[in-house]
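S.K.: Can you read through this structure? Questions will come right after.
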2 protein chains.
Amino acid sequence: MKILIIGGNGTIGRKVAHHFKNDNEVIIAGKTSGDLTVDISNSVSIKEMFEKTGKLDAIICIAGEAKWAEFNKLSEEDYYIGLKSKLMGQVNLVRIGRKYLNPNGSITLTTGVLADDPVVQTTSAALVNGGIHSFVKAVVLEIDNGLRVNVVSPDMVEDAYDKYKNAFPGHNPVPMSKVVNAYVKSVQGKINGQIIRVYA
Amino acid sequence: MKILIIGGNGTIGRKVAHHFKNDNEVIIAGKTSGDLTVDISNSVSIKEMFEKTGKLDAIICIAGEAKWAEFNKLSEEDYYIGLKSKLMGQVNLVRIGRKYLNPNGSITLTTGVLADDPVVQTTSAALVNGGIHSFVKAVVLEIDNGLRVNVVSPDMVEDAYDKYKNAFPGHNPVPMSKVVNAYVKSVQGKINGQIIRVYA
């Protein structure tokens, strides 16, 4: 398969890319590094990326930003960081990317535990994740050409434990192998419209 | 109690307003009619509304738009109709409205069944509803002054059955009395951070 991994150099992305490279042609896209660069908050940049990749069998997105801050300090504009990047960035990857997928191809998005089980300072980040979950359920009712769309929603991952352990009190770090397997299930399985929750 | 109902002249809103008027001071806000007018997609308009209401005990929002259209026809801009109105409109009602609530006051938002169980042409509407669900779970971890925030998520309501029956095949219309009770539970009960699903 020819697989595009957006965010393939990130904490989760590099493990996912490492796995798929065993048996597939993998293209890594990133904001500042990778085979291709892309700013997913900009739909023109997304189109330019797909013009360079050509036809694909699978698109994986493990990218997108949202601002973390106290609710009392988040401005209206702060919410739009997440809305434009992690939310509409991933919606646009489906809107635009579907035209570059071979029949029966797949798109796998990424959210996180905050959608179901948020922590403080995540009103914006939780909102974005929850929005993507409902979007995925809705889009599979209409997407054609045999395409499948799923989303992986991991809890705090093992490789980010030191960075996030204080932000996620009581959350159990998820082994990276389990996170990688969620992407494998989406790309190589036949499931569609699923929110693949990966909790330890 | 002094209760502001945004969208209090709508299909659901008028039944909710009728109920609360029995024992409370009710102010109705609407886009084009009501005691006050407000455009919830505009945070300046929201601030102006609250300057006119003064201090409140409860805020209920049963308003907000999102564009329904085939996934293949929804433009990026179309998604922003829902993001600015039903999504950020309701987020802004909490951000701004909390300053106008008396201690232990409540805010009740409204989404709908599409968050969990979408139908065709609702990628944008479902996304907005799902985003609000996760936002509500997150914001109650931080909101102060004893304030409570809940969201009512009804299936197709009885009074909109003729309008929506073809869009929601197999969905059971929810009796209006049951929908009204969800708002009563949020405003008069002590629950907090709940998604009050009202399904028949």
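The values are calculated or read from the model by the stated rules, or taken from the named source; none is laboratory data. Since the structure is predicted, the reported quantities are computational estimates derived from the model, not experimental observations. Note that each Cβ is placed from the backbone with ideal geometry, even for glycine, and that neighbours are counted across all protein chains shown. Heavy atoms of the whole protein, side chains included, go into the accessibility calculation; ligands, DNA and RNA do not. Shrake-Rupley method; radii C 1.70, N 1.55, O 1.52, S 1.80 Å.
S.K.: Which one is farthest from the chain's Cα centre (by Cα), of the residues in the stretch B:77-89 that are open to solvent by less than 10 Å² (accessible area, probe 1.4 Å) and either facing another protein chain (nearest Cβ under 10 Å) or among the β-branched types (V, I, T) (or both)?
M.R.: Among those residues, the one meeting the criterion is B:Y79.
S.K.: Still on this structure: Checking the conditions here, which among A:V180, A:V139, A:V174 is more than 25 Å from B:L127 (Cα to Cα), in contact with a Phe, Trp or Tyr (Cβ under 7 Å, 6 or more places away or on another chain) and of a type in the set (V, I, T)?
M.R.: None of the others qualify; the one that does is A:V174.
S.K.: Look at the stretch A:91-101 and say how many of its residues are facing chain B (nearest Cβ under 10 Å) and either at pLDDT below 95 or open to solvent by less than 40 Å² (accessible area, probe 1.4 Å) (or both).
M.R.: Residues in the stretch A:91-101 being facing chain B (nearest Cβ under 10 Å) and either at pLDDT below 95 or open to solvent by less than 40 Å² (accessible area, probe 1.4 Å) (or both): 4 in total.
S.K.: Of the conditions (1) open to solvent by 20 Å² or more (accessible area, probe 1.4 Å); (2) more than 10 Å from chain B (Cβ to nearest Cβ); (3) not in a helix (DSSP H, G or I), A:A69 clears all except one; give me its number.
M.R.: (1)
S.K.: Looking only at the stretch A:99-142, how many residues end up being touching a helix residue (DSSP H, G or I) at 6+ places or on another chain (Cβ under 7 Å), touching a residue at least 40 places away in the same chain (Cβ under 8 Å) and assigned to a loop (DSSP other than H, G, I, E, B)?
M.R.: Matching residues across the stretch A:99-142 total 3.
S.K.: Restricting to the stretch A:1-51, what's the tally of residues that are in a loop (DSSP other than H, G, I, E, B) and in contact (Cβ under 8 Å) with a residue 40 or more places away in the chain?
M.R.: So the count comes out to 8.
S.K.: Report, by residue number, each residue of the stretch B:114-156 that is surrounded by fewer than 23 Cβ atoms within 10 Å (Cβ to Cβ), at the interface with chain A (Cβ under 8 Å from one of its Cβ atoms) and touching an Asp or Glu at 6+ places or on another chain (Cβ under 9 Å).
M.R.: Of everything in the stretch B:114-156, those that are surrounded by fewer than 23 Cβ atoms within 10 Å (Cβ to Cβ), at the interface with chain A (Cβ under 8 Å from one of its Cβ atoms) and touching an Asp or Glu at 6+ places or on another chain (Cβ under 9 Å) turn out to be B:D117, B:V120, B:Q121, B:E142.
S.K.: Restricting attention to the stretch A:1-43, which residues are over 28 Å from B:L74 (Cβ atoms) and among the charged types (D, E, K, R)?
M.R.: If the condition is that a residue be over 28 Å from B:L74 (Cβ atoms) and among the charged types (D, E, K, R), then A:R14, A:K15, A:K21, A:D23, A:E25, A:D35 are the ones that fit.
S.K.: Which condition number in (1) surrounded by 16 or more Cβ atoms within 10 Å (Cβ to Cβ); (2) touching a Leu at 6+ places or on another chain (Cβ under 8 Å) is the one that A:A160 fails?
M.R.: Checking A:A160 against (1) surrounded by 16 or more Cβ atoms within 10 Å (Cβ to Cβ); (2) touching a Leu at 6+ places or on another chain (Cβ under 8 Å), the one that fails is (2).
S.K.: Please verify whether A:P173 is touching a residue at least 40 places away in the same chain (Cβ under 8 Å) and either charged (D, E, K, R) or more than 8 Å from chain B (Cβ to nearest Cβ) (or both), treating the condition exactly as stated.
M.R.: No, not satisfied.
S.K.: Give just the number: which of (1) surrounded by 17 or more Cβ atoms within 10 Å (Cβ to Cβ); (2) over 23 Å from A:D155 (Cβ atoms); (3) within 14 Å of chain B (Cβ to nearest Cβ) does A:L56 not satisfy?
M.R.: (3)
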